[in-house]
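Visitor: First the structure, then my questions, so here it is.
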Number of protein chains: 2
Amino acid sequence: MRRSIATVSLSGSLADKLTAVGAAGFDGVEIFENDLLGSDMSPEDVRRRAADLGLTIDLYQPFRDFEAVPPDLLAAGLRRAEHKFAVMERLGATRLLVCSNVSAAAIDDDMLAAEQLGLLAERAAEHGIEIAYEALAWGRHVDDYFHAWQIVRTADHPNLGMCLDSFHILARDVDPYAIRTIPGNKIFFLQLADAPALPMDVLYWSRHYRCFPGQGDLDVTGLVDHVLRTGYDGPLSLEVFNDIFRQAAAMRTAQDAMRSLIALEEGVAQRAGGSASASGALPPPVVPTGFAFAELAAPSAGPVGEVLGALGFVRGGRHTGKPVELWEQGAARILVNSGSAEGQDGPALGAIGLETPDPAASVKRAEALLAPVLPRLRGPQDAPLDAVAAPDGTEVFFCRTARPDHSSWTDDFAQDRSPAGAATGEITHIDHVALTQPWHHFDEASLFYRSVLGLRPHDSLELPDPYGLMRSRAVSTEDGGVRVALNVAYVGAHDGRDDLAWQHVALASADIVATARRMRAAGAATLVVPDNYYDDLEARYDLGAERHLLLRELGLLYDRDDRGEFLHFYTATIGRVFFEIVQRTGGYRGYGAANAPVRLAAQHARRTRRAPH
Amino acid sequence: MRRSIATVSLSGSLADKLTAVGAAGFDGVEIFENDLLGSDMSPEDVRRRAADLGLTIDLYQPFRDFEAVPPDLLAAGLRRAEHKFAVMERLGATRLLVCSNVSAAAIDDDMLAAEQLGLLAERAAEHGIEIAYEALAWGRHVDDYFHAWQIVRTADHPNLGMCLDSFHILARDVDPYAIRTIPGNKIFFLQLADAPALPMDVLYWSRHYRCFPGQGDLDVTGLVDHVLRTGYDGPLSLEVFNDIFRQAAAMRTAQDAMRSLIALEEGVAQRAGGSASASGALPPPVVPTGFAFAELAAPSAGPVGEVLGALGFVRGGRHTGKPVELWEQGAARILVNSGSAEGQDGPALGAIGLETPDPAASVKRAEALLAPVLPRLRGPQDAPLDAVAAPDGTEVFFCRTARPDHSSWTDDFAQDRSPAGAATGEITHIDHVALTQPWHHFDEASLFYRSVLGLRPHDSLELPDPYGLMRSRAVSTEDGGVRVALNVAYVGAHDGRDDLAWQHVALASADIVATARRMRAAGAATLVVPDNYYDDLEARYDLGAERHLLLRELGLLYDRDDRGEFLHFYTATIGRVFFEIVQRTGGYRGYGAANAPVRLAAQHARRTRRAPH
C-alpha cells in the first residue's frame, strides 16, 4: 500500500513538515490548507519540494460547507471552488476533500446535496480534479459514511467519490461493515486515525486527542480490512489532530507515524487471513518470555550493591572488560554498571534484557519497526549482543541466557561469588520494570512495546501524585512473563525535576514477609508508609487483627482484585531508581495502582525531608 | 461568610497545603482523605497544625458507596464508617461528606437509602458527627440535589443533612431554584467550583477542568444566592479538581482561590440586591475608560523609536529623572524605558497605564482583591503613582492624564518635541494590548482582569500556532475603551522559548492604508504575509479586484463579523514585542482571530530565517 500523511499531523512550518514526511519514508502527503496559507512557499515551490522528496501530493483539504445550500450560497461555493482548483493545479494535486456541511445554512435534502456535489464534480472534471466527499461525525445533516455514500451514489458522477475516515466512522460507533458494499473505485481516499476512549463530545475529542493507529482504542485494523476488501488501492493516509504532536519534533512524530502504519498493515494482513510475512516482509513478533536482567548505570556500585545485598542478592560475576557487576538471586539478575556516562548523576535504569526464543529475529522485527539497532560488538572479547533502543532511550537486549543453542551475555562475566555463597533470599525473578516516559512520548512508547515486542497494552490509568496527575499504562505478555509499566509525568512537568523520572525494578518474592524482615535485619532503608494508610486499610478490608498488624509493622502495602492479592513494599530511592518487592497470590493481575498515590506522596516527602542536608 | 477550601484543590503535601490555606487567609479547610493517607502527619498533628494556622477542619471527605445496598454491604459500610469516625475524632472534624452511591451494587430504592443513611446518622450522632449527603452528578441512582433532598427529608434525622456542590448541580443543568425550598439548617455544607463550558462527560469534566468561581462559565453566583436565601450560614468552601492547579505552586493557587471567593461574595451581594460595599467592604470596581500609555522596557530606545517614528509618532517628552522617552500620536502614548532591568533581553511590554475616574479607588479595589500594590513614589521629584502588579508581572498604572483634578504622570516628563513638530500620522489611540500568560496562570489572569478592573471576559479561543494550540481570551470594557487580549502558550511549552512570550500593542489607525504607506515610505519593516493568504482571501470574499490588490500590496490582513470589518498589519518583532496596526469599521468586535494562524506562522518563519545570522 502507498503510505501518506496529512501535514496537520506534524509540528512546524510546511517546509519542516514536508522534510519530516520525506525523511520518514512516506510516499505521499495531504496538504492541509492552513499549512499552505501560513507558508511563504508558493504552491509551485511546494510541488517542487515534494517531488524532490519523492512525495506525491495525494489530497488537498479541507473544502467546507459546500453542499445542500440555497442558490446564492451555491454560487459563492462554486466561486470559492474555482479558486481552490487553481491552487491545486499549481500544487499538482488532483484530489480535493469536501467535508459534509456543518453550517446552519445547510438544508436536509439528499437530492439537493447530490445535485450540487454533482455540479462541483463536473466543474472539477474540467481541471482533472476529483472530489472526495467525507461525512464528518458532526456534519449537520450528513454525519455517517453510509449516508454520504447514498448521496455520492445518487449524484453518480465519475469525478465524485468517497473519502472514508476511520475516526469519523469509529468514533460514532457506526458499523463499518457496510463499507464492503461500496465499490472500491468509488472510494477515492482513506484517512486513518485512532483515539483513546475518552468520554467527550466527538468534535472536541477529534480536535485534541486523535493519535496514530495502534496508540488508541479504536479498531482501525478492522476498518482498513473492510476498505481493502472493496478493492480500494489508494493510499493509507494518516490524519491526526493531537495537541501533543502539534508541539513535538516533526521528524520524530513522522517516524512514529510510519511505525504505526507498518504495524497496521501487518494487523490488516492477519485480519484478512494472510500471514504477516506474506503481506509486507515485516518479520513476525518474537514474544519475549521473561526478563534476563535489568541494568542500572551508577556512579559507583556501592549503594546499589548494599540494597541488593540486603535483599539477599549475591554478586555472582564481574564483566571481564568493563566495570559491571552481576547480582543474582533466583532468576532475577541485576547489572550494576559504574562505567557508563549516563549513571554519573546517580543510578538510573539504562537497559533491560529480555529472554527471547530468537534474539536475531527480535532485532529484525524491531529494526523493521524503525527502532535504532545498537552495535552488536562493544568490546573485542565480548559476546555479540542483540539490542535496540526504545523511544525513551532505554536499551533493550534480546537474550538467551545460558542456553546451549546460543551465545549468552553471561559469558562476558567472570564468576565472582561473594563469601556468603549462593543467594539464600526469597526473590525468584523480575516481576516488572517501570519506565517513566517524557510526557510528549507516551503514545509512542506504548506503540513501540506493543508492536515491536508483541506486548498487550492494559488500561490507561490516572494516578494522583501530590504534584500532578500521572498517567500509567502497563504492557505485558499474555502470561505475565514480561511486564513493563509505562509511567508519564503530568503534561508540562518541568524537565529539571529528577523526581519526575523515577524508574523502578519490581522483584517477585516467594515470601515477602521474609524479605521485608531480611531487609530490616540488614538495617536497609525501606519507604516509610504513613500510619494513616494502615488506618484506612483496616477500614476498607477486614484482614484480621494479626495480619493488619503485620502489614503495618513491616510497611507492606496491600491490594486485591477479583482473582487474588498483592503485597508490596519499596526500597529507598537511590538516584532515579528504587526497587519494589512484590508478591502476587491467586492470579492478581494489577500493579497495586490503588496504592500509588500513597507511595508517591511518601517518596516526595522523603525527597523533601532530604533536601536540607 | 466563613471561607474554606478543600485540600484537593492545591498541589503538594498535606503540610504544604495547610500552610498555603492558612497564609491565604481562609477560615477553614476540608480534609480530602487521600491527602491524609499519603501524609506522615497523624490526625492529631493535622488538628494541631490547622489550629495553629487559625483553621477549622470543616469537613472530612469523601465517604463513598454507602447507601441503598444489601445487608452484607451495609454491615461493611457501617464498619468502615466507624473507622472514619475514629479518624475524625482525632482530627477534630465533626462533618463527614457522604457521596451518593456510584457502585453497581446500589439499589434504586429511596426508602432503603433513607433508612440506611438514617442508621449512619444515628451512629455518627454517637460521635457528635453530622453526615452531609451529596448527589454526585454521576451517582448511580441519585444524581441531582433535589432527589438527594427527598431522601434526606424522608430519613428525617437531625444528624443527616445536605451537602450542595455547585459543580454537580450546574454541570448537569439541574435548575437550582428549588434549593430555596430546603430549610437552611438542613444544608450542612456548600462546596463551590466553576468550570469552563467544555463538551464532555460530566465525570471527566469534573476531574480535570474545574476551576475557581469566576474563572469558568457556570453561574456559581446565582447558586450561592439561592443557598443563602435558605438561611444557610456555613462556610463557602472551594472544591476544585484541576490538572493545572495540581501542579502549580500551592501558595499562589490558594491566593487565587481567595480572590475568587472575595469577588464571588460581591457578586452574590449584588444579586441579592444589596450594594457591594455593604456586603463585605470590598471597594466597588472603578472601570477604566481607556489606555493612558503602554510602556516598553528596552536595552536602548533606538530600535523601538525607529518603528514609532515610521508610524508617525513623535518623541514628546523625556522623563526628568529616568531614561524614559514618551512617544505620542493622537491619544496613543508609548513609553520607552531604557533604564529597566527587565528590558535588557530586548524590548518587553512591562507596564500599561489605564485612565480611570479615581486612581486611588482603583488601587484600593485591586488591593482588596489581593493584587500587590506598587510603591507610590519612585523618585524624590516624581508625581505619585497609583499602580499594582498583574499576575503575569505586568505593572498596571491607574492614571488621570492631564486632568485638572489630579496629578498627572506626564508631569514627570519634560517637553521634547522632535524637529518634525506634532505627530501627523493616522494613529488615534491604543486599541488593545496582548499579554502572553504562563500556561499555568491563564485562569488566574482572566479572573484578575475581570474582578479587579471590572472587564468583561469574551469567549475563550484556540488558535493553531505551527508549534501548538494557543488559547486566547479577550477581556474588555463594555464600550471597548480598554481591551486586553490574554494569550497563553500551549500547555507544556518550554519556558526558554522567547517566541512563546510575544506581547504586543495594537494601535488604532483612522486610515490604515495611509499608515501602511507611511511605514513603507519610511523603509520600516512590516510582517510579510504569504501570498497564499491573499489567494485564499479572494476565494473567501469578493471584495472587488482593486481592494484585493491593495490588501495584497500593502500586506494588510482582513476579517469581518456581522457588524463590520477589521483591517490590520504587524510591524517586525523587536525582542519580545511588536506593534499591530488596526482599523475597525462598523462596530467589528473581534481581534482578527481568524488571521492569527497565518500571522503566527509568518512570525515563526521570520524567526527561523533570522536564526542563521
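Visitor: Anything in region A:575-602 that is at pLDDT below 90 and either not assigned by TED's automatic domain parsing to the domain that holds A:His432 or not small (Gly, Ala, Ser) (or both)? List them, or say none.
Guide: A:Arg576
Visitor: Before we move on, is A:Asp65 within 14 Å of chain B (Cβ to nearest Cβ) and on the phi > 0 side of the Ramachandran plot?
Guide: yes
Visitor: Pull out all pairs, ordered by first then second residue, where Cβ-Cβ is under 7 Å, the residues are six or more apart or on different chains, the first lies in region B:202-215 and is in the same structural domain as B:Phe241 (by TED's automatic domain parsing) and at positive phi, and the second is part of a helix (DSSP H, G or I) and not hydrophobic (A, V, I, L, M, F, W, C).
Guide: Matching pairs, first to second residue: B:Gly214/B:Ser260; B:Gly214/B:Arg450; B:Gly214/B:Ser451.
Visitor: How many residues are over 36 Å from the mean Cα position of the chain (by Cα) and modelled with pLDDT under 90 if we restrict to region A:391-435?
Guide: Of the residues in region A:391-435, 10 are over 36 Å from the mean Cα position of the chain (by Cα) and modelled with pLDDT under 90.
Visitor: A further question on this structure: Of everything in region B:538-560, what is in a helix (DSSP H, G or I), more than 9 Å from chain A (Cβ to nearest Cβ) and within 23 Å of B:Arg589 (Cβ to Cβ)? Give them in sequence order.
Guide: B:Arg547, B:Leu551
Visitor: I'd like the full set of residues that are hydrophobic (A, V, I, L, M, F, W, C) and within 15 Å of B:Asp27 (Cβ to Cβ), limited to region B:225-263.
Guide: Residues satisfying the conditions are B:Leu236, B:Leu238, B:Ala254, B:Ala257, B:Met258, B:Leu261, B:Ile262.
Visitor: Quick one: in region B:488-512, of everything that is at pLDDT 85 or above and surrounded by fewer than 16 Cβ atoms within 10 Å (Cβ to Cβ), which residue is farthest from B:Glu444 (Cα to Cα)?
Guide: B:Asp511
Visitor: So, one more: Kindly indicate whether any position in region A:565-582 is within 14 Å of chain B (Cβ to nearest Cβ) and either more than 30 Å from A:Pro303 (Cα to Cα) or not in a strand (DSSP E or B) (or both).
Guide: Checking region A:565-582: not a single residue is within 14 Å of chain B (Cβ to nearest Cβ) and either more than 30 Å from A:Pro303 (Cα to Cα) or not in a strand (DSSP E or B) (or both).
Residue by residue, here is whether (1) crowded, with 21+ Cβ neighbours inside 10 Å; (2) free of Cβ contacts under 8 Å to residues at least 24 places away in the same chain; (3) in a loop (DSSP other than H, G, I, E, B); (4) β-branched (Val, Ile, Thr) holds:
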{"position": "A:Pro283", "(1), (2), (3), (4)": "no, no, yes, no"}
{"position": "A:Pro303", "(1), (2), (3), (4)": "no, no, no, no"}
{"position": "A:Leu308", "(1), (2), (3), (4)": "yes, no, no, no"}
{"position": "A:Leu349", "(1), (2), (3), (4)": "yes, no, no, no"}
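Visitor: For region A:28-50, what are the residues that are in a loop (DSSP other than H, G, I, E, B) and surrounded by fewer than 18 Cβ atoms within 10 Å (Cβ to Cβ)?
Guide: Result: A:Ser42, single match.
Visitor: Yes or no: B:Gly339 in contact with a Lys or Arg (Cβ under 8 Å, 6 or more places away or on another chain) and assigned to a loop (DSSP other than H, G, I, E, B)?
Guide: Taking the combined requirement at face value, the residue satisfies it.
Visitor: Take B:Ala524 and tell me if it is away from chain A (no Cβ under 14 Å) and touching a helix residue (DSSP H, G or I) at 6+ places or on another chain (Cβ under 7 Å).
Guide: In short, yes.
Visitor: Looking at region B:119-166 only, could you name the residues that are buried (at least 24 other Cβ atoms within 10 Å of the Cβ) and over 26 Å from B:Glu89 (Cα atoms)?
Guide: Result: B:Val142, B:Tyr145, B:Ala148, B:Ile151, B:Ser166.
Visitor: Moving on. Looking for something among the hydroxyl-bearing types (Ser, Thr, Tyr), buried (at least 21 other Cβ atoms within 10 Å of the Cβ) and within 27 Å of A:Gln150 (Cβ to Cβ) - is there at least one such residue anywhere in region A:60-68?
Guide: yes
Visitor: Condition check: in a helix (DSSP H, G or I) and away from chain B (no Cβ under 14 Å). Does A:Leu264 satisfy that?
Guide: Considered against the rule, which asks whether it is in a helix (DSSP H, G or I) and away from chain B (no Cβ under 14 Å), A:Leu264 comes out as yes.
Visitor: Give me a count of the residues in region B:80-102 that are part of a helix (DSSP H, G or I) and either away from chain A (no Cβ under 14 Å) or among the hydrophobic types (A, V, I, L, M, F, W, C) (or both).
Guide: Number of matching residues: 6.
Visitor: Those residues that are under 26 Å from the mean Cα position of the chain (by Cα), under 15 Å from A:Val142 (Cβ atoms), aliphatic (A, V, I, L, M) and at pLDDT 95 or above, I need them from region A:162-196; list them, please.
Guide: A:Leu164, A:Ile169 - these are the residues of region A:162-196 that are under 26 Å from the mean Cα position of the chain (by Cα), under 15 Å from A:Val142 (Cβ atoms), aliphatic (A, V, I, L, M) and at pLDDT 95 or above.
Visitor: Identify, by number, the condition in (1) part of a loop (DSSP other than H, G, I, E, B); (2) in contact (Cβ under 8 Å) with a residue 60 or more places away in the chain; (3) more than 30 Å from A:Gly305 (Cβ to Cβ) that A:Pro597 doesn't meet.
Guide: Answer for A:Pro597: the failing condition is (1).
Visitor: Also, I was wondering about something else. Restricting attention to region A:463-481, which residues are within 14 Å of chain B (Cβ to nearest Cβ), surrounded by fewer than 21 Cβ atoms within 10 Å (Cβ to Cβ) and within 16 Å of the chain's Cα centre (by Cα)?
Guide: Passing the criteria: only A:Arg471.
Visitor: Give the residues of region B:51-78 that are hydrophobic (A, V, I, L, M, F, W, C) and either in contact with a Ser or Thr (Cβ under 7 Å, 6 or more places away or on another chain) or not in a helix (DSSP H, G or I) (or both), sorted by residue number.
Guide: Across region B:51-78, the qualifying residues are B:Leu53, B:Leu55, B:Ile57, B:Leu59, B:Phe63, B:Phe66, B:Ala68, B:Val69.
Visitor: Could you say whether any residue in region B:232-247 is within 14 Å of another protein chain (Cβ to nearest Cβ), within 30 Å of B:Gly346 (Cβ to Cβ) and either touching a helix residue (DSSP H, G or I) at 6+ places or on another chain (Cβ under 8 Å) or outside any helix (DSSP H, G or I) (or both)?
Guide: Looking through region B:232-247, at least one residue is within 14 Å of another protein chain (Cβ to nearest Cβ), within 30 Å of B:Gly346 (Cβ to Cβ) and either touching a helix residue (DSSP H, G or I) at 6+ places or on another chain (Cβ under 8 Å) or outside any helix (DSSP H, G or I) (or both).
Visitor: If you don't mind, another one. Mind checking which residues of region A:50-99 are acidic (Asp, Glu) and touching a His at 6+ places or on another chain (Cβ under 8 Å)?
Guide: A:Glu89
Visitor: Sticking with this structure for a sec: Test B:Val582 against the stated conditions and say whether it is under 29 Å from the mean Cα position of the chain (by Cα) and among the aliphatic types (A, V, I, L, M).
Guide: yes
The values are calculated or read from the model by the stated rules, or taken from the named source; none is laboratory data. Bear in mind that the values here come from a model prediction, so they are computed numbers and not experimental data. Here Cβ is always computed from backbone atoms with ideal geometry, including for glycine, and neighbour counts include all displayed protein chains.
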